[in-house]
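Please read the structure below before turning to the comments.
The values are calculated or read from the model by the stated rules, or taken from the named source; none is laboratory data. Note that this is a predicted model, so its numbers are computed, not measured. Cβ: placed from backbone, ideal geometry, glycine included. Neighbour counts: every protein chain shown. Quick note on the areas: whole protein, heavy atoms, side chains included, nothing else; ligands and nucleic acids left out. Shrake-Rupley method; radii C 1.70, N 1.55, O 1.52, S 1.80 Å.
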Amino acid sequence: MFFSNMIMPTMREFPSEAEAISHKLMLRAGYVRQLASGLYAYLPLGWRVICRINAIMRDEMNAIGAQEISLPVMHPAEIWQKTGRWYDIKEEMFRLKDRTGRDMCLGMTHEEIMTWLAARELKSYRNLPQMWYQIQTKLRDEARPKSGILRTREFLMKDSYSFDIDDEGLDKSYKLHTNAYHNIFRRCGLVFYQAESDTGMMGGAAAHEFMAPSPAGEDEIVICDKCDYTANVEVACSLAVSLKDLGWQHEEVHTPNKRTVKEVSSFLKIGPSYFIKSLLFILSDGPALVLLRGDQELHDKKLMKIIGSFRPASKDEVQSILGVEAGFIGPMSHAIRIIADVSLKEGTFVTGANKVDYHIKGITSGKDFSAEWHDLHVAKEGDMCPKCQNALKIDRVIEIGNIFKLGVKYSVPLNAVYLDANGQERPIIMGSYGIGPARIAAAAVEQNYDKDGIIWPKSIAPFDVEVIPLNVSDARTMEVAGQLYKNLTGSSLEVLFDDRDERPGVKFKDADLIGIPVHLIIGEKSLKDNMVEIKVRRTKEAHKVKLEDSISTIIKLVHDKSVL
RNA sequence: CGGGGCGUAGCGCAGCCUGGUAGCGCACACGGUUCGGGACCGUGGAGUCGGAGGUUCAAAUCCUCUCGCCCCGACCA
């Protein structure tokens, strides 16, 4: 491919609207252009990257026996109404009517449509198991598109679905996908984790997310270095570091106008972890007091799982239910449901005295209050691993893939059933598995760049090699460069030939910015000694090789799996 | 949806406070000199100043409304 024939609009400066590194670099290096918020055009370089990622995904999906199909992107409403998601999902779904007034929507994901197909075509246990996937456009009217191609309103997704006769079959399909996903992300050159995740609105029994560490990420995971525990903070459990019991006796302390843990803590010069934070919530069946340690944040979703939906009590409600104003609440002597974080089970604490302007020291569970014990807090850096007690790390990550055990959530409402060996009708057991190729690309950039530009992992770079003749008006240079280009292309490498009549500096800068892994530089001086220069983008190491050895050297470099 | 910021040439920006009819750098075109890490000189093309309304003799500049984009938060199937 000749540089002069391709549209690769590199820019000397970073466009100002970009914030994330991948966004800045992909704009500057001419990979993508923005049409509107969350809508991107992929230019030739960008599209090549996506295509290579797609090829890897196809390879690995096919390897586990999955079959590629293609489904419509526009769907009739009824099918989404049958599963209830037409109503559960709100503004995030693009909806429209066709000319006859029929309600339609644009697909955000394809569980419904895949299940519809399965319902029609999979009739017998003899048809199962099946795995179907597609690489298709999804549309979501995101509340806030951001970070370039990381979070867009229209995006490509590789989504696959498994159909099994029972949970055992689902386990197998899930495992196959897990392995395939590990292969895909590894082959794409990413650093990633597999984390336990929330099943969310997808429903189902188990779910994992594949997470690529990056400051541009929108999620956080907890990681234990010692054992294999890795989980999204949305579901992560952790143990609080236990406190030294200071053995306080009951003592009421005057804390005028000090309400928050922070205020009282600094006033009494006692660390926040020695406090009990008391929060009053209104549940569907009445009020409940929720207790956390002073250094903890309430994890809404964990609480929701225990008590269902809830809302914070108003000031008046706090007063009328507890007889004291917020800020001085303590868990003692209230005839009310109390749910407490397990970290409060042991130890002696400070808490509100149920009396304005007073707190009380020396409160212990069992003696002063009793409660239902649960993990209610948001896991944080330094908490201990629930499995092995090692200190946990927290890392910011990009979600690049997810896998869900759906069970019968879609097959039942859409009547996707099969007849088992006994002629019994049973719902198909499903799994769903997604990967965002654009996120892989963005994560790859986030994890591989330097001050000069992108450093693509070899496997997903838009080209394998960039041939750079330094002086295009030198006949010998161009003859050699042309021949090398031909030979490299002939060796099934993707080659970019910078045939522009530009100064060497410009070509070097653009080459570094674009980030093709290997550069082959042909300069007049070296050529006199029958030498050319081979440079590795990542290390910037350049060495001269004999002209006749250059092709084999490059082929070796490109195929060397040790350096992705 | 709440909070903040920004819309002036393809990109990056100045001009706005204090109204007087649009400018700089890069990019682009042409000529010349250059040529191993974003060269230099000269000439030139390119802008409904996001849009609408208003104030005024006069609006990029002041006022009102509106649209768009970015960031933080909420949301995220």
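Listing for the model above:
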read-out: Segment A:372-446 and segment A:123-197: distance between their alpha carbon centers, rounded to Å; value: 10 Å
read-out: Accessible area (Å², 1.4 Å probe, nearest 10) - residue A:51; value: 60 Å²
read-out: Packing rank of A:290-297, A:532-539, where each peptide gets the mean count of other beta carbons within 10 Å, highest leading; value: A:290-297, A:532-539
read-out: Sorted largest first, extent of segment A:463-558 alpha carbons per principal axis (Å); value: 28, 28, 22
read-out: Protection proxy ranking of A:361-370, A:308-317 - average other beta-carbon atoms within 10 Å, highest first; value: A:361-370, A:308-317
read-out: Net lengthening on full extension, residue A:63/residue A:491 (0.36 nm per residue, minus Cα-Cα); value: 151.5 nm
read-out: Exceeding the 19 Å Cα-Cα cut-off - candidates A:305/A:345; A:146/A:305; A:175/A:302; A:451/A:507; A:244/A:269; value: A:305/A:345; A:146/A:305; A:175/A:302
read-out: Per-residue [θ]222 nm for chain A (sum of -39500 (n - 2.57) over DSSP H runs n ≥ 4, rounded to 500); value: -8000 deg cm²/dmol
read-out: Mean-position separation - Cα centroids, segment A:266-298 and segment A:456-515, in angstrom; value: 63 Å
read-out: Tilt relative to chain A, helix A:167-187 - C-alpha long axis, 0 to 90 degrees, to 10; value: 50 degrees
read-out: Highest average packing first - A:23-34, A:471-482, Cβ atoms within 10 Å; value: A:23-34, A:471-482
read-out: Degrees separating the helix A:504-514 axis from the principal Cα axis of chain A, which is the longest one; value: 40 degrees
read-out: Prolate/oblate/rounded call for segment A:119-245, Cα gyration tensor, a/c under 1.5 rounded; value: oblate
read-out: Förster radius 35 Å - calculated FRET efficiency between residue A:297 and residue A:191 (Cβ-Cβ, nearest 0.05); value: 0.80
read-out: Modelled FRET efficiency - R0 35 Å, residue A:183 with residue A:123, Cβ distances, 0.05 increments; value: 0.60
read-out: Isolated Cys residues of chain A, judged by Cβ distance under 4.7 Å to other cysteines; value: A:51, A:105, A:188, A:237
read-out: Dipole in debye (nearest 20) - segment A:463-558, about Cα centre, beta carbon charges: Lys, Arg +1; Asp, Glu -1; value: 280 debye
read-out: 12 Å Cα-Cα reach of residue A:544 towards aspartates and glutamates, excluding residues that sit fewer than 8 places from it in its own chain; value: A:529, A:533
read-out: Net lengthening on full extension, residue A:544/residue A:226 (0.36 nm per residue, minus Cα-Cα); value: 110.0 nm
read-out: Heavy-atom accessible surface of chain A: percent carbon and sulfur, 1.4 Å; value: 51 percent
read-out: Cα principal axis extents for segment A:324-471, largest first, Å; value: 82, 68, 33
read-out: For segment A:312-350 versus segment A:200-257, the gap between their alpha-carbon centres in whole angstrom; value: 22 Å
read-out: Residue A:249/residue A:357 FRET efficiency (R0 30 Å; Cβ-Cβ; nearest 0.05); value: 0.90
read-out: Surface per residue (accessible, 1.4 Å probe) for chain A, Å²; value: 45 Å²
